[in-house]
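Encoded as structure tokens, the structure appears first; notes follow it.
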Amino acid sequence: MAAIRKMFYRSWSSDVRLDGKTVLITGANTGIGKETARDLAKRGARIIMACRDLEKAEITAKEITAESGNENIIVKKLDLADTKSVHAFAEQINNEERQINILINNAGIMMCPYSKTADGFEMQFGVNHLGHVLLTHLLLDLIKRSTPARIVNVSSKAHTMGTIQFDDLNSEKNYSPLKAYAQSKLANILFTKELAKRLEGSGVTVYALHPGVVRTELSRHLSSTLQIGMKLLQPFTKSPVEGAQTTIYCSVAPELEKETGLYYSDCAATSCSRAASDEDVAKRLWGVSCQLLGINWN
């Protein structure tokens, strides 16, 4: 079993400290987000856990504080499926925080039954992509004042199965849970590349990543058949701790200070799909996303 795991998981470690730094992580109460928060808290960072479920988040925060000795763990309410919540959260952060050195757009939903956000967006596209676009936009001035700073977007290898359906972004004509998820993850990478281009020379670098196939609550919407398949594939999947390593790497690795706009897997830069490298599609998606969100982001 150990030999099998070594074939599919590249370990990474670093003693980099984050004392005096502030890290904001969406979806930090469970899975990859929780393990990312735990690791960065041990490095001395101030951690802002942006979560929809405050009860779970408070329990997680106490657990991380007890383990790390870091009492600078803050829990804030954020529902990425509601732009009003995103605006309210961002306003609070901008008013209360002096800096955001690392923004980790981690929260997500995967292959859920068809539903829409409070603003009428297909749930996966709305939460995984649009919610994080709006959050990043609203916090960007604060992030720019905190340079050197990083923005880390958790995507997925599932992006290789995605296309941006500009004529049906909300999957109203035809809904496939997998295709909608793949579209949202492709959007994460396209957003990363376009944002990196626009932030060149600002001191803010941007990264997208595939965490691996990880055993987390994210798979709760999978069919019973796929759930059985996941159990059979367990020797080839990652624990949440292992799955968090590439996020942590992109957040703290000193060697990435001069890199931006790249896509990572197993703590190394790797290639993404041709669709994810299409600059015209990235630019078009940027414009459409801003229009849908009602923001002016030139």
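Brief remarks follow.
- Filtered by the rule that a residue be buried (at least 18 other Cβ atoms within 10 Å of the Cβ) and among the hydroxyl-bearing types (S, T, Y), segment 265-294 gives S265, S289.
- Residues satisfying the stated conditions in segment 71-100, i.e. touching a strand residue (DSSP E or B) at 6+ places or on another chain (Cβ under 8 Å) and buried (at least 20 other Cβ atoms within 10 Å of the Cβ): I73, V75, L78, L80, F89, I93, I100
- Some residue of segment 144-151 being over 21 Å from K84 (Cβ atoms), surrounded by 21 or more Cβ atoms within 10 Å (Cβ to Cβ) and of a type in the set (D, E, K, R): yes
- Count of segment 237-265 residues which are closer than 23 Å to A276 by Cβ, in a helix (DSSP H, G or I) and touching an Asp or Glu at 6+ places or on another chain (Cβ under 6 Å): 1
- Of the residues making up segment 23-48, those that are in contact with a Lys or Arg (Cβ under 6 Å, 6 or more places away or on another chain), on the phi < 0 side of the Ramachandran plot and not hydrophobic (A, V, I, L, M, F, W, C) are N29, R43.
- Test: T60 is crowded, with 20+ Cβ neighbours inside 10 Å and either assigned to a loop (DSSP other than H, G, I, E, B) or modelled with pLDDT of 95 or more (or both): yes
- Per the conditions (1) part of a loop (DSSP other than H, G, I, E, B); (2) on the phi < 0 side of the Ramachandran plot, the sole criterion not satisfied by G20 is (2).
- Total residues in segment 128-173, condition farther than 16 Å from A90 by Cβ and either free of Cβ contacts under 8 Å to residues at least 24 places away in the same chain or not in a strand (DSSP E or B) (or both): 23
- All positions within segment 174-186 that are hydroxyl-bearing (S, T, Y), assigned to a helix (DSSP H, G or I) and over 15 Å from A208 (Cα atoms): Y181
- Pairs where the first residue, in segment 286-298, is closer than 17 Å to V127 by Cβ and at pLDDT 95 or above and the second is outside any helix (DSSP H, G or I) and acidic (D, E), C-beta under 9 Å, 6+ apart: L292/D119; L293/D119
- Residue match in segment 207-222 (condition: small (G, A, S) and at pLDDT 95 or above): yes
- Some residue of segment 68-85 being farther than 26 Å from I189 by Cα and free of Cβ contacts under 8 Å to residues at least 12 places away in the same chain: yes
- Neighbours by Cβ (under 6 Å, 6+ apart or cross-chain): first from segment 93-122, part of a loop (DSSP other than H, G, I, E, B); second of a type in the set (A, V, I, L, M) and surrounded by fewer than 17 Cβ atoms within 10 Å (Cβ to Cβ): M111/L178
- Test: residue in segment 278-285 that is within 16 Å of the chain's Cα centre (by Cα), under 16 Å from N153 (Cβ atoms) and either modelled with pLDDT of 95 or more or not aliphatic (A, V, I, L, M) (or both): no
One line per residue, one yes/no per condition, for (1) surrounded by 20 or more Cβ atoms within 10 Å (Cβ to Cβ); (2) modelled with pLDDT of 95 or more; (3) more than 19 Å from L285 (Cα to Cα):
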position	(1), (2), (3)
S155	yes, yes, no
Q165	no, yes, no
S171	yes, yes, no
F191	yes, yes, no
R198	no, yes, no
G203	no, yes, yes
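- Scanning segment 150-194 for residues that are within 15 Å of C272 (Cβ to Cβ) and not charged (D, E, K, R) yields a total of 21.
- Filter result for N101 (out of contact with any His (no Cβ under 6 Å at 6 or more places or on another chain) and at pLDDT 95 or above): yes
The values are calculated or read from the model by the stated rules, or taken from the named source; none is laboratory data. Bear in mind that the values here come from a model prediction, so they are computed numbers and not experimental data. Every residue, glycine among them, receives a Cβ derived from its backbone with ideal geometry; neighbour counts consider all protein chains shown.
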